[in-house]
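Single-structure report; data block below.
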Amino acid sequence: MEIQTKYNPADTEDKWYKYWMDNGFFKSTPDEREPYTIVIPPPNVTGVLHMGHMLNNTIQDILIRRARMMGKNALWVPGTDHASIATEAKVVNKLKSEGVNKADLSREEFMSHAWEWTHKHGGIILEQLKKLGASCDWSRTKFTMDDNMSESVINTFVDLYNKGLIYRGIRMVNWDPSAKTAVSDEEVIHTEEQSKLYYLKYKIEGTENEFVTIATTRPETILGDTAVCVNPNDERFSHLKGKNVIVPIINRVIPIIQDEYVDMEFGTGCLKITPAHDINDYEIGIRHNLESIDIFNDDGQLNEKATILIGVDRFEARKEIIPMLEEQGNLDKIEDYVNKVGRSERTNSVIEPKLSLQWFLKMSELAKPALDAVMNDEVVLHPAKFKNTYRHWMENCRDWNVSRQLWWGQQIPAYYLQDGTYVVANSAEEALALAIEKTGNNNLTTADLRQDEDVLDTWFSSWLWPISVFDGIRNPDNEEINYYYPTNDLVTGPDILFFWVARMIIAGKEYRNEKPFNNVYLTGIVRDAQRRKMSKSLGNSPDPLDLIAKYGADGVRVAMLLCSPAGGDLLFDEALTEQGRNFANKIWNSFRLINNWEVDNNIPQPESSAIAIKWFNNKLNQEIETIEEHFKAYRLSEALMAMYKLYNDEFSSWFLEMVKPEYLKPIDAKSLNEIKELLDKLLKMLHPFMPFITEEIWQLLEERKDGETIMLSQLPKVIEFDKEFIDKFENVKDVIASIRNIRNQKNIPNKEKLSLSVLSNNYDNSFDSIITKLANIDEISVVNSKVENASNFMVKTTEYFVPLGDLINIEEEIAKLEEELKYNQGFLNSVMKKLSNTKFVESAPEMVVKKEFDKKADAESKIKSIEETLAQLKK
């Protein structure tokens, strides 16, 4: 069979993905096998693939493909998230560009536009994931707004309400004026920003010229002030107890109150209290029974309660109020000030604390089982360092504001009667029955009920994801939920550890009395070489599909893992993808080399090939064990690196050189078959990391039947290996490398044969055939004294000589040996420092101490040999 010279990913990737799909290799149904399940973190339905997705989904695919090859019933459930805030914002902007205002549409009209947008742009990211090789069961694709998924969400809300865990109340919330909705504490990003601190003078009522001065970063909010507060322990203001001050410009009279919340050291020691627009002021207002004056509309413009600047945006109002304060003599001074500003994660708008009637879920009791699950390692976080972050969040979580002032999402199933009372039910029909029961009015109809306008937080649907994708809320005892749940591994980012991971654990404990997954692999953030987070705005994020087109999916997958330990940020460099592509080319070229060898069934297997195959079999089994340990500890980058070195360094660079036939001569059949068996094992081990090239080569390695695939073949298992044999072979490689080094130094061509002398009393000659072949040695002899006119080197404690006759330059050899002597003496000194440290010798593990003593013996032996050789050369 003619094998193309260069590996072309474009020719193979679409071909094999179609083959896998056509044969249903990704599909899973419950059977007698052990299940292995991953649910995808659902990306935004209208999103497109970015580098973070590439990392996250590469890891998931590696885990799922490996489980499949271990004989497990592997299922990777794909899907997308409806992303209320982001999607609604896109639809609103699209309508605005067409001259349509959301406010002019009915809810039904807007939802039809939103569905149209979703059908047009939704699911693109899932198609893009196929280019990466993602082996999801696409027949199971879920969307958080699917009818059955939404029904699960509504059922959950009703159930929690009936349990007394969901309530409605006026609370201070984080208000996003751009999205015109409340957002949770976790959706607010706090950043340090350069601001101004304004010192304002409030006149004390009943005085001619007495003032108190307050410092604020938000002078526009004085229009909502209802008190000035001082610390009762602050003697500077004790004379003001019971007095009032006058709010500048609007001349509202407000009391001076005392509360220990005020920090006497900060600012002036006087604090303006605006209960409607600051969470701490709100709590002080409750304690002192203060009025709350909300001066902002939902879009951040001032309303009529502000009395001035009505209809002006809050930031413009800040600019306009300063000259007004200055003109009236109420502005003392302005200072530069750095403070933390909360911004909406979705829109980047500055958050406005706002009193609002919202729906909340009580978290304190629900959080306890979820906290215990992680702290007791029932759910294991990788890396474990995130346990402390998780504990802090869970021990300090507030009630969850689950309502959003949007239309795109699951509409809250609360139904109001005309008198403002309400019932909560799964449907309007159920609500009517409850309303009749509640009021005793049998004449009520559904027309008398008005459903709550708000929708549920998107996270309120995705927290059910591991359960709802198997219909475990609506049908809690169905075959699939009982078989696939709990899932095995979740791969996600630490930035949504509380948003999503913790809440899924809460939901799992509440609705299944069981964790939703066994392990959570927390990826790092993909950053550029300057450690900046990759983003469109910075222009530092390459298009993943462009990378795949240029370097192949396998090359990109390798790149994403080469520098991405769990929980550690990935410093992405396009050179990594080039390295990944080069590795794929190396694999292809080594296969071509083997495939192009002519075979002769009549020649015996050379001794060198038999020894080389024995060595690589042992080395392979050693690495299978190492890689298995890496996977158990979720060290996927290390597992790939071990595989990379095994193939690149050991198989391709060493092994194939040992077994390849002489130029233009055939290889024996026994060796070729054994080499192909080893290549077959390597391809299977590489397949989870590099699915496309491994499938291509595996199919070409021998004749396959239609419907066969490497992805369903058995992964090589750990078997015994001879570590002593492997260690001896490492010495052999050192001997070969040293002889090659001598050739380079002396400019001796590789084709020119050399002889080798070994100074030893117990030399093991069983590897001589390897040395003679790879170092082009015609004779290996054992000697009992040093050889003159020879270059020497040491491997461990054995000294070797390569007789060079007239080729040796005495002065150069002395200079080289003196340099080696100096290095070894320095090395011995460093070892001796360690061994002279009593604390180290007594407290370090026995094996560590033994290793240092072995280093000492080796160094002393080398020093002695070098000194003897130098003495001979200087005679």
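The values are calculated or read from the model by the stated rules, or taken from the named source; none is laboratory data. Just so we're clear, the structure is a prediction, and the values are computed from it rather than from any experiment. Quick reminder, even Gly has a Cβ in these numbers, built from the backbone with ideal geometry, and neighbours come from all protein chains shown. Just the protein is used for accessible areas: all its heavy atoms, side chains included, with ligands, DNA and RNA removed. Shrake-Rupley method; radii C 1.70, N 1.55, O 1.52, S 1.80 Å.
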* Structure fact -> Put Ser608, Ser541 in order of accessible area, largest first, probe 1.4 Å, and you get Ser541, Ser608
* **Dipole of the chain, positive direction: furthest Cα of Leu325, Asn741, Tyr484, with charges on the beta-carbon** => Asn741
* To do: Output the Cα-based Rg and Dmax of the stretch 549-681 in Å, rounding Rg to one decimal and Dmax to a whole number.
  => 17.1, 56
* To do: Return one whole number: the accessible area per residue of the chain in Å², for a 1.4 Å probe.
  => 46 Å²
* To do: Per residue, how big is the convex hull around the C-alpha atoms of the stretch 228-383? Give it to me in cubic angstrom, could you?
  => 210 Å³
* Structure fact -> Classified through the alpha carbon gyration tensor (a ≥ b ≥ c as square roots of its eigenvalues; rounded if a/c is under 1.5, else prolate when a/b is larger than b/c, else oblate), the stretch 733-875 comes out prolate
* In Å, the Kirkwood hydrodynamic radius of the stretch 772-850 over pairs of distinct alpha carbons? -> 16.0 Å
* Structure fact -> For the chain, inverting the pair-averaged 1/r of distinct alpha-carbon atoms gives a Kirkwood value in Å of 33.3 Å
* Per-residue [θ]222 nm for the chain (sum of -39500 (n - 2.57) over DSSP H runs n ≥ 4, rounded to 500) -> -13500 deg cm²/dmol
* **Potential lengthening between His190 and Ile603 on full extension [0.36 nm per residue; Cα-Cα distance subtracted]** => 141.2 nm
* **Solvent-accessible surface ranking, highest first, for Ser178, Ser135, Ser427 at 1.4 angstrom** => Ser178, Ser427, Ser135
* Structure fact -> Taking the dipole of the chain about the Cα centre (Lys, Arg +1; Asp, Glu -1; charges at Cβ), the one of Ala134, Leu309, Val402 that reaches farthest to the positive side is Ala134
* Asked: In debye to the nearest 20, how big a dipole does the chain give about its Cα centre with +1 on each Lys and Arg Cβ and -1 on each Asp and Glu Cβ?
  -> 1280 debye
* To do: For Arg391 and Met641, calculate 0.36 nm times their separation in residues minus their Cα-Cα distance, and state this gained length in nm to one decimal.
  => 86.7 nm
* Structure fact -> Share (percent) of C-alpha pair distances in the stretch 564-621 greater than 13 Å works out to 78 percent
* Sorted from largest down, give the three principal axis spans of the alpha carbons of the stretch 373-454, whole angstrom values. => 60, 25, 19
* Computed FRET value (nearest 0.05) for Asn209 with Val338, which takes r as the C-beta separation and R₀ as 35 Å -> 0.55
* To do: Give me D for the stretch 377-528 in µm² s⁻¹, whole number, from Stokes-Einstein with Rh from the Kirkwood sum over alpha-carbon pairs, 20 °C and 1.002 mPa s.
  => 119 µm²/s
* **Hull shadow area, averaged, the stretch 661-745 [alpha-carbon convex hull, nm²]** => 9.0 nm²
* To do: Could you state the orientation-averaged shadow area of the convex hull built on the Cα atoms of the stretch 467-530, in nm² to one decimal?
  => 5.0 nm²
* With both partners inside the chain, how many of the DSSP beta bridges are antiparallel, as a percent to the nearest 5? => 70 percent
* Asked: Using the membrane-span-like helix rule (whole DSSP H runs, Cα extent along the own axis of at least 18 Å, mean Kyte-Doolittle hydropathy at least -1.0), which helices of the chain qualify?
  -> 51-69, 84-97, 147-162, 314-327, 574-595, 607-632, 669-686, 723-746, 810-835, 846-873
* Kindly give Rg over Rh for the stretch 629-675, based on alpha-carbon atoms, with the Kirkwood expression for the hydrodynamic radius. => 1.21
* Stokes-Einstein translational diffusion, the stretch 488-619 - Kirkwood Rh over all Cα pairs, 1.306 mPa s, 10 °C, in µm²/s -> 83 µm²/s
* To do: Among DSSP beta bridges whose residues both lie in the stretch 453-604, state the antiparallel percentage, nearest 5.
  => 10 percent
* Just tell me which aspartates and glutamates come within less than 18 Å, Cα to Cα, of Lys96; anything on the same chain fewer than 8 places away is out. => Glu88, Asp104, Glu108, Glu109, Glu116, Asp299
* Asked: Which of the aspartates and glutamates could be linked to Lys728 by a straight reach, that is with a Cα gap under 13 Å, when you skip same-chain ones fewer than 8 residues away?
  -> Asp764, Asp768
* Find how much the distance from Glu108 to Asp706 grows on full extension, using 0.36 nm per residue of separation minus their present alpha carbon separation; answer in nm with one decimal. => 210.2 nm
* Structure fact -> Summing +1 per Lys or Arg and -1 per Asp or Glu among the other residues with Cβ less than 11 Å from Phe651's Cβ gives 0
* Asked: P(r) tail for the stretch 306-449, what percent of Cα pairs lie past 25 Å?
  -> 63 percent
* Structure fact -> Output for the stretch 442-485 (equivalent-ellipsoid semi-axes, sqrt of 5λ from the C-alpha gyration tensor, Å, descending) is 33, 17, 5
* To do: Starting from the exponent 0.38 and prefactor 2.2 Å, build the expected Rg for the stretch 1-130 from its residue count and divide its actual Cα Rg by it.
  => 1.43
* Structure fact -> Two pseudo-spin positions, 7 Å from Cα along C-beta at Arg740 and at Phe25, lie apart in nanometres by 3.5 nm
* Using only Cα atoms, locate the centre of the stretch 287-345 and the centre of the stretch 683-743, then give the distance between them in Å, rounded to an integer. => 69 Å
* To do: At a temperature of 25 °C and a viscosity of 0.890 mPa s, determine how fast the stretch 288-343 diffuses translationally according to Stokes-Einstein, using the Kirkwood radius over alpha-carbon pairs as Rh; express D in µm²/s, rounded to the nearest whole number.
  => 184 µm²/s
* To do: Could you work out the Kirkwood radius for the stretch 75-214, taking every pair of different alpha carbons, averaging 1/r and inverting it, reported in Å?
  => 20.4 Å
* Solvent-accessible area, 1.4 Å probe, carbon plus sulfur percent, for the chain -> 47 percent
* To do: Kindly write out, for the stretch 245-255 in residue order, the coupling ³J(HN,Hα) from the Karplus curve 6.51 cos²θ - 1.76 cosθ + 1.60 (θ = phi - 60°), rounded to whole Hz, with x marking Gly and Pro.
  => 10, 10, 5, x, 6, 8, 6, 6, 8, 10, x
* Heavy atoms of Lys533 accessible to a 1.4 Å probe, total area in Å² rounded to 10 -> 120 Å²
* Structure fact -> Quick calc, Asn673 & Asn518: beta-carbon distance into FRET formula, R0 41 Å, rounding 0.05, result 0.50
* Would you mind checking the radius of gyration and Dmax of the stretch 242-314 based on alpha-carbon positions, in Å? => 13.5, 37
* To do: Distance from a point 7 Å along Cα→Cβ of Leu197 to each backbone N in the stretch 328-365: keep the residues under 16 Å and list them by number.
  => 332-341
* Asked: Under a point spin-label approximation (7 Å from Cα along Cα-to-Cβ), what is the Asn829-Asn289 distance to one decimal in nm?
  -> 8.3 nm
* Asked: Of all the Cα-Cα pairs you can form in the stretch 604-701, what percent are over 22 Å apart?
  -> 33 percent
* Going out from 0 in 5 Å bins, what whole percent of all Cα-Cα distances in the stretch 92-133 drops into each bin? -> 6, 20, 23, 17, 10, 9, 8, 5, 2
* Determine, from the Cβ-Cβ distance of Asp727 and Glu574 and an R0 of 60 Å, the FRET efficiency 1/(1 + (r/R0)^6), rounded to the nearest 0.05. => 0.95
